[in-house]
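Encoded as structure tokens, the structure appears first; notes follow it.
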Amino acid sequence: MSTLLCTIMLSVFCILTVSMTYASIDALQILAIESIAGKSHWNFMSAVLRSLTDIGHNVTVFTPFPDGNRDNYTEVFLDLPSKVEMDAEYTLNTFGKSTVMIPLLMNMTRSFCKIAYEQREMLEIVDSGKSANYDIIFTEIAASECASHIASKLDLPLIYVIPSPMITYIEHTVFGDVSNPATVSHLFAHHAVPRTFAQRFVNVILLGFSLLMLKYKEMELKKIDSQPYDLVEPIKPSLVFMNTHYITEAPRPFPASFIQIGGIHLSEPKGIPNDVLEFIENSPHGVIYFTFGSVISMSTLPDRVLKAFKEALAQVPLRVLWKYEGEMKDKPINVMTSKWFPQRDILMHPNVKLFISHGGISGVYEAVDAGVPVLGFPLFYDQPRNIDNLVEAGMAISMDLLTLQKDELLKNILDLINNEKYTKNAKIVSDRFKDRPMS
């Protein structure tokens, strides 16, 4: 898959290079800024940048997650505050509300922009004429057009990298239009396709609220915390790379400048630690892999929720790999816990029968690529819609975390494992996901 996506990216950049009227087709000098301190965001951005360096382009990137320099790739550490392993109930009650998410994202994005644009290395690029060393800028947009400031300042073309499905409330910012809420679900909606009047009404409310809140917060922050980028007219991107794929998204219109590259972060399996591999291969009925990613600390789940998980998983005939921080009290005998597991490698193992997930888009594509059914417990942001897309595809069941009951959980786990339709649909989705033209 990585070779295929590199081919696509190379074609795009050859066209872009010609359009920029270069006398000859040379490697582009790319300046990239990861403006969100989220590990999953960086995983997508770094995969995009790696595919570009692999085909000869030169990249300088400001990132809060440095991986180390390599040929034609230079990193500058960006000290952005990040949130990992947060309290589960706090996260759901705070980030799970649309009324909170928009202003939170606005404040966060502008805060990160301020840190990035005040960094010494960035000031040197802006103030010392080093802009001539670059041809194009890559950055991420979340809720503020401040991300385009550096491209405007240096008079360079801009490419947005969006590590989630299309962020509905910034569509007007990105390409000057908004989706029809009667046909396209809002990013924060809990449904993939608005089929009923109630769902369409919710879409209209979410879209109207998010656009008004975005405008209000932008005006408020400009007034109380004016920054240099507030005085510069934001520029529109030349291209937008999105972490989406048509097989896991409902049909919708996109401009030609929007390129779907969902799954670009997927790499070849690197191997599973011996103790974990032995645990998987010695399970006669298969294995369940259970994780809520890096943002949520599983050990902070409410006691009644943890108890429901333990009691239900103890009754299934499969073994369970459970990403869990610290020691687990009353751990079922069929469960192995660890603070970290090689998720991609585990999901690719043929003895893994089910993925219990929060619905982060990176994990969604790993499950889709592996053809593994999903039991989803979406928490916030795009996760409810991500899981509902898999439900629409017939390869997942979605549940609410805070109202979890042991009997319902056990029923759904056994249904996903024993009902062949879920595995069959997961394999169909996987085959379609991998079936991509070479040009």
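The values are calculated or read from the model by the stated rules, or taken from the named source; none is laboratory data. Not measured: the values here are computed from a predicted model. Backbone-built Cβ (ideal geometry, glycine too); neighbour counts: all protein chains shown.
Whether a residue is without any contact (Cβ under 8 Å) to a residue 40 or more places away in the chain, over 27 Å from residue 106 (Cα atoms), surrounded by 15 or more Cβ atoms within 10 Å (Cβ to Cβ) and within 23 Å of the chain's Cα centre (by Cα) was assessed, and residue 387 does not pass this test.
Looking at this structure, is residue 381 more than 21 Å from residue 276 (Cβ to Cβ), modelled with pLDDT of 95 or more and touching a Leu at 6+ places or on another chain (Cβ under 9 Å)? Don't jump to the end; show me each part of the working.
Working: more than 21 Å from residue 276 (Cβ to Cβ): yes; modelled with pLDDT of 95 or more: no; touching a Leu at 6+ places or on another chain (Cβ under 9 Å): yes.
In short, no.
In summary, residue 347 fulfils each of the numbered conditions (1) at pLDDT below 85; (2) buried (at least 19 other Cβ atoms within 10 Å of the Cβ); (3) at negative phi with the single exception of condition (1).
Of the residues screened, residue 403 is not one that is among the hydroxyl-bearing types (Ser, Thr, Tyr) and in contact with a Phe, Trp or Tyr (Cβ under 6 Å, 6 or more places away or on another chain). Taking first residues from the stretch 254-275 that are under 21 Å from residue 159 (Cβ atoms) and loosely packed, with under 13 Cβ neighbours inside 10 Å and partners that are at pLDDT 85 or above and of a type in the set (Phe, Trp, Tyr), no Cβ contact under 8 Å between residues at least 6 apart in sequence or on separate chains turns up. Within the span defined as the stretch 214-221, one or more residues are in contact with a Pro (Cβ under 6 Å, 6 or more places away or on another chain), among the basic types (Lys, Arg) and surrounded by 14 or more Cβ atoms within 10 Å (Cβ to Cβ).
Of the residues 61, 48, only one is surrounded by 14 or more Cβ atoms within 10 Å (Cβ to Cβ), farther than 22 Å from residue 117 by Cα and within 20 Å of the chain's Cα centre (by Cα); which?
Working: 61 fails: farther than 22 Å from residue 117 by Cα.
Step by step, each of 61, 48 is checked, and only 48 is surrounded by 14 or more Cβ atoms within 10 Å (Cβ to Cβ), farther than 22 Å from residue 117 by Cα and within 20 Å of the chain's Cα centre (by Cα).
Against the conditions (1) more than 18 Å from residue 185 (Cα to Cα); (2) β-branched (Val, Ile, Thr); (3) in contact (Cβ under 8 Å) with a residue 12 or more places away in the chain, residue 403 satisfies every one except (3).
When you look at residue 254, is it closer than 19 Å to residue 44 by Cβ and outside any strand (DSSP E or B), yes or no? In short, yes. Filtering the stretch 324-352 to residues that are in contact (Cβ under 8 Å) with a residue 60 or more places away in the chain and farther than 20 Å from residue 270 by Cα leaves 325, 336. Taken together, 280, 296, 288 contain a single residue that is assigned by TED's automatic domain parsing to the domain that holds residue 320, aliphatic (A, V, I, L, M), farther than 23 Å from residue 387 by Cβ and in contact (Cβ under 8 Å) with a residue 24 or more places away in the chain, which is 280.
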